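The values are calculated or read from the model by the stated rules, or taken from the named source; none is laboratory data. Computed from a predicted model, the values in this text were never measured in an experiment. No Cβ is skipped: glycine too gets one built from the backbone with ideal geometry, and neighbour counts run over all protein chains shown. Keep in mind that these areas ignore ligands, DNA and RNA; they rest on the heavy atoms of the full protein, side chains included. Shrake-Rupley method; radii C 1.70, N 1.55, O 1.52, S 1.80 Å.
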Amino acid sequence: MRKLLSLLLMFMCISCSSNTPVTKTDVTKTSINQTGNNSVVNDLHGLDKVSYTTYAEHVDKAREATDNSNIGASNTEASSPSYIEESSHDAANNNNYSSYYSNSYTTPIDDMILIYYGSKNRMKWGKTELKNVVMHTFEDAHKDWFFPTFLYLEFKNDDGLKFGDNQPGSNGPAKKEQWEWLLNRYFSNAYNGGDYEGLRALDECIESCKKLLGAPSFSHKVVLGIPSPCTNFTEWGSIKVNGKTIKLDFRKNSDRLEAVKWFISESVKKFEAQHYKNITLEGFYWIEESSSMTSWHKDKKSGKWTNKTNDRFDYVNDAKARRYNDIVANVANYVHSLKGLKIYWIPFSGAYGNDKWRTFGFDRCDIQTGYFWGTPDLLRNPKQLKTISDLKNMCNAAMKDGKGLEFEMSADLFVPCYAKLKSKRDIERPYDITKVADCKKTPKEMNASGYKRFKYNPCLLTRLTNLIDVFEEQGVFERSNISYYFDNSAILDLCRATDKDIIRIIDRLARHISQRNKSHSINY
């Protein structure tokens, strides 16, 4: 890589006037625009087929540099941050890959439900709500344990201050004050209307379910989402390091790492202080869905995929992206140093680094399928629907690489619709759909046109059924970790539904989870 940059510099010097200096920006732009057999593909068009030859060479060089430096010292719990500004040379060469070599933790076959909790717009998730996901009541009225693992996460606070560069908060980065707010929400002992919230509610809910079901044969586990420090943010706040109060500067990776380590250590302390009876802390979740933490969009004029800064992105040559990647690996290494805790990640299917998840240090990586909505991934034509074939291929590829999969549905299923069967042979979308709210005709006119009114979207119910079918056919339920995304609270709509078609869907899913709980019971 250095030889390549040297050749580029020579070329530019020959091409330019002798009085015109070659700046670092010039070099970066030139290297980013390079193509050829020895460079990583620069366009997202080849994202899933990228050759990582150059990337691997880069990591090897970083390993050599690490062997001769103290750069890895920041990965230990006792370490203090380096408050020396990174030089342009360090940023360009990024020798901070010391923790790119995972401790090879493994996780048992597991079902983890995402619990979006924190801001005032979220579900309260007290005992009443949690009972639907801790225990399932089947159509024949018998009950059994449901989800064994619970991922609590939030992206922004009540004021729209966000917990990561790519998160939806519209009012800027969250400060330490908001990070503390999130901790207090996780470990809330608030007692509202006869019901706890936060992890206390989960612990109490499991205790009450034990009176009906007896003690479970497995341990209920908790994973906590950790904020991702917003880059270049200088007003986050201060923490004490070795007795000295230091104001953190997120322009430096060392300070960003220290903020995350602070949040993780505070979470562990608070969890231990609560003395929960029925839940154990399993680990932490990296909320950014791409390891490079860049938001992608397709430029309307050029048709090129770009990140949020409108700069072309290159996996090897972009120093900024490499700096982002460094903190992920170091965070993973720090988590591993704390009593065997694990770190989880659920990237989208085209996210940079998802095929290098072990290299980044993640213990578990579950891939988003996007099938429920028919959403194409970044490589597909936006108008082209994701198919069952796509889903099967994704399942096989994920399991081959040791990844899990995310089972996804949302409240979109429960939008009242008019639907008319167009073809039973269309296994992807067999109905023509019109949302009741968008319909300008009367119910009588719709009926006369062959449309029937549904309380839910029958096309999405078909896709939900297809999703379970494929998971069964491909052996996902037998041999893969699964995360479950149900929007904010759509799982409650599933569990409380009165329509037979939906009841049988959730019963079918619950039977798989119940069997997995019994087949893979592990007490920690």
Quick check: anything in the stretch 158-177 in contact with a helix residue (DSSP H, G or I) (Cβ under 7 Å, 6 or more places away or on another chain), buried (at least 22 other Cβ atoms within 10 Å of the Cβ) and at pLDDT 85 or above? no
Whether any residue in the stretch 231-249 is surrounded by 17 or more Cβ atoms within 10 Å (Cβ to Cβ), within 18 Å of LYS156 (Cα to Cα), touching an Asp or Glu at 6+ places or on another chain (Cβ under 7 Å) and free of Cβ contacts under 8 Å to residues at least 40 places away in the same chain is what I want to check. no
Counting only residues in the stretch 192-201 that are at pLDDT 90 or above and under 22 Å from PRO227 (Cα atoms), the one most open to solvent (accessible area, probe 1.4 Å) is identified as ARG200
Report whether or not ASN189 is over 19 Å from THR231 (Cα atoms), open to solvent by 70 Å² or more (accessible area, probe 1.4 Å), touching a helix residue (DSSP H, G or I) at 6+ places or on another chain (Cβ under 9 Å) and not in a loop (DSSP other than H, G, I, E, B). no
Does PHE218 meet the test of being assigned to a loop (DSSP other than H, G, I, E, B) and either open to solvent by less than 40 Å² (accessible area, probe 1.4 Å) or in contact with a Gly (Cβ under 7 Å, 6 or more places away or on another chain) (or both)? yes
List the pairs whose first member sits in the stretch 258-277 and is under 11 Å from LEU338 (Cβ atoms), whose second member is among the charged types (D, E, K, R) and surrounded by fewer than 21 Cβ atoms within 10 Å (Cβ to Cβ), and whose Cβ atoms are under 8 Å apart, counting only residues at least 6 apart or on separate chains? LYS261/GLU77; SER265/GLU77; VAL268/LYS339
